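Report on the structure given below.
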Amino acid sequence: MNYQFLSYPLDANDPGFPGEPTLTIQPATRIAAGDAYNSSIVHLFNHFGTHFDAPAHFNPHGRSIAELDISHFIYERPLLIDLPKGKASLVEPADLEPLMPRVADADCLILRTGLEALRHSEPQEYAARGCAFSIDGAQYLLDHAPHLKAVGFDFISLASPANAAHGVKAHQILLGMYSDAYICIIEDMALAHIDASRLRRVIAMPLRVRGVDSGQVSILAELAA
């Protein structure tokens with residue numbers, strides 16, 4: 001087997017969701033300054049970079065990142081699907097319906113829209129005019145994909161400033177605000193380098209902080225040789 005990351009290394013220069021904090025690094029000790037070792041204080045917004053939205057992000061009764069069982073982060077039947085989308089577009093039921101026969105047995109759906117290219121070429125466009133799930137798209141996925149534990153994608157958030165009316169409700173739907181079922185969300189994934197036909201397993205390794213709704217994840221994809 002071959003292993004690849006599906007997450008970005010955290011970088012203070014990367015785009016964040018407009019108006020939200022990102023990442024700052026404060027030197028604590030430095031060998032170059034005469035200290036015995038290097039260390040840093042990392043100030044990290046928990047929805048920056050590749051991260052995992054646990055139910056508590058939008059659901060006051062939902063589990064936080066540290067409360068989820070380990071099974072929520074291990075996907076034995078992941079499915080990576082190419083779904084080309086443009087700036088300020090929405091994932092609608094019409095996009096998802098043709099995928100359902102393939103999604104039926106999947107435990108993690110990963111959508112590759114191609115918008116990852118904007119993260120490097122036009123980072124502010126990536127942040128402000130990304131793709132998003134519509135309210136109906138979120139409801140359709142929850143209703144028709146009962147085995148999904150998570151949905152991930154190569155755009156900055158399930159919500160977008162370009163379609164602000166959908167963001168809160170779409171998150172609430174997927175994260176179980178209105179039903180017992182929920183699908184966790186993995187935002188801002190790195191997918192362009194992956195051969196979908198070789199994908200065998202995905203493991204999302206979370207930063208587990210008690211009392212925090214969600215957190216960053218390092219994601220490993222296991223690929224057939």
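Determine the gain in length on full extension of the stretch residue 45-residue 212; use 0.36 nm per residue of separation and subtract their C-alpha separation, reporting nm with one decimal.
On the way: separation 167, 0.36 × 167 = 60.12 nm, distance 1.07 nm.
That pair, residue 45 and residue 212, stretches by 59.1 nm at full extension.
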Exercise. Enter the mean projected area of the convex hull around the alpha-carbon atoms of region 24-71, in nm², rounded to one decimal.
Key: 5.3
Practice problem: Summarise the long-distance tail of P(r) for the chain by giving the % of C-alpha pairs beyond 23 Å. | Solution: 46
Quiz item: Of 21, 101, 93, which is the most mobile in a GNM of the chain whose springs link Cα atoms less than 10 angstrom apart?
Solution: 101
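Over the chain, calculate the relative contact order: mean separation of alpha carbon pairs under 8 Å at least 6 apart, over the residue count, as a percent.
Relative contact order comes out at 30 percent.
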Practice problem: Convert each backbone phi in region 215-225 into a coupling constant with the Karplus relation 6.51 cos²θ - 1.76 cosθ + 1.60 (shift: θ = phi - 60°), then list the ³J(HN,Hα) values in order as whole Hz, x for Gly and Pro. | Solution: x, 5, 10, 9, 10, 10, 9, 9, 10, 5, 5
Quiz item: How far is helix 164-174 tilted, in degrees, relative to the longest principal axis of the Cα atoms in the chain, given as a value from 0 to 90 rounded to the nearest 10?
Solution: 80
Quiz item: Given H placed 1.01 Å from N in the peptide plane, which residues other than close sequence neighbours of residue 83 have an amide H under 5 Å from its amide H?
Solution: 112, 113
Exercise. Tabulate in residue order the Karplus-calculated ³J(HN,Hα) for region 37-45, using 6.51 cos²θ - 1.76 cosθ + 1.60 with θ = phi - 60°, rounded to whole Hz; enter x for Gly and Pro.
Key: 8, 9, 7, 9, 9, 9, 9, 10, 6
Quiz item: Can you give the accessible area per residue of region 47-179, in Å², using a 1.4 Å probe?
Solution: 39
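What does the extension gain come out to for residue 201 and residue 13, with contour length at 0.36 nm per residue minus their alpha carbon separation? Present the calculation step by step, with values, prior to reporting the outcome.
On the way: separation 188, 0.36 × 188 = 67.68 nm, distance 3.02 nm.
Result for the pair: 64.7 nm of gain on full extension.
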Quiz prompt | Computed helical MRE - 222 nm, the chain, DSSP H runs ≥ 4 contributing -39500 (n - 2.57), nearest 500 | solution = -4500 deg cm²/dmol
Exercise. Could you go through region 185-190 in sequence order and give the Karplus-derived ³J(HN,Hα) for each residue, using 6.51 cos²θ - 1.76 cosθ + 1.60 with θ = phi - 60°, rounded to whole Hz, and x for Gly and Pro?
Key: 10, 10, 9, 6, 8, 9
Exercise. Assign one of three labels to region 70-131, namely rounded, prolate or oblate, based on the Cα gyration tensor with a ≥ b ≥ c the square roots of its eigenvalues; rounded applies when a/c is under 1.5, prolate when it is not and a/b is larger than b/c, and oblate otherwise.
Key: oblate
Self-check item: Potential extension, residue 37-residue 76 segment - 0.36 nm per residue separation minus Cα distance
Solution: 10.0 nm
Exercise. List the residues whose amide H sits under 5 Å from the amide H of residue 216, counting only those 5 or more places along or on another chain, with H placed 1.01 Å from N in the peptide plane.
Key: 52, 207
Quiz item: Using a 1.4 angstrom probe with every protein chain in place, what is the largest-first accessible-area order of 73, 58?
Solution: 58, 73
Quiz item: Can you tell which of 30, 210, 119 shows the greatest fluctuation in a Gaussian network model of the chain with Cα springs below 10 Å?
Solution: 30
Quiz item: Per-residue accessible area for residue 220 at 1.4 Å probe radius, Å² rounded to 10?
Solution: 50
Self-check item: region 68-93 residues near the modelled residue 102 label - backbone nitrogen below 11 Å, point 7 Å along Cα→Cβ
Solution: 79-84
Quiz item: For labels at residue 168 and residue 20 in the simple 7 Å Cα→Cβ model, what's the distance in nm?
Solution: 1.6
Quiz prompt | Stokes-Einstein D (µm²/s) once Rh is taken as the Kirkwood radius of region 130-223 over alpha-carbon pairs, at 20 °C in 1.002 mPa s | solution = 148
Exercise. Within the set of other residues whose C-beta is less than 15 Å from the C-beta of residue 78, count the net charge using Lys and Arg as +1 and Asp and Glu as -1.
Key: 0
Quiz item: Between region 11-64 and region 106-130, what is the C-alpha centre distance in whole Å?
Solution: 20
Quiz item: Largest first, what is the accessible-area ranking of 51, 166 with a 1.4 Å probe?
Solution: 166, 51
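The values are calculated or read from the model by the stated rules, or taken from the named source; none is laboratory data. Since the structure is predicted, the reported quantities are computational estimates derived from the model, not experimental observations. So basically every Cβ, Gly included, is an ideal-geometry build from the backbone, and we count neighbours across all protein chains shown. Heads up: the accessible areas ignore ligands, DNA and RNA and are worked out on the full protein's heavy atoms, side chains in. Shrake-Rupley method; radii C 1.70, N 1.55, O 1.52, S 1.80 Å.
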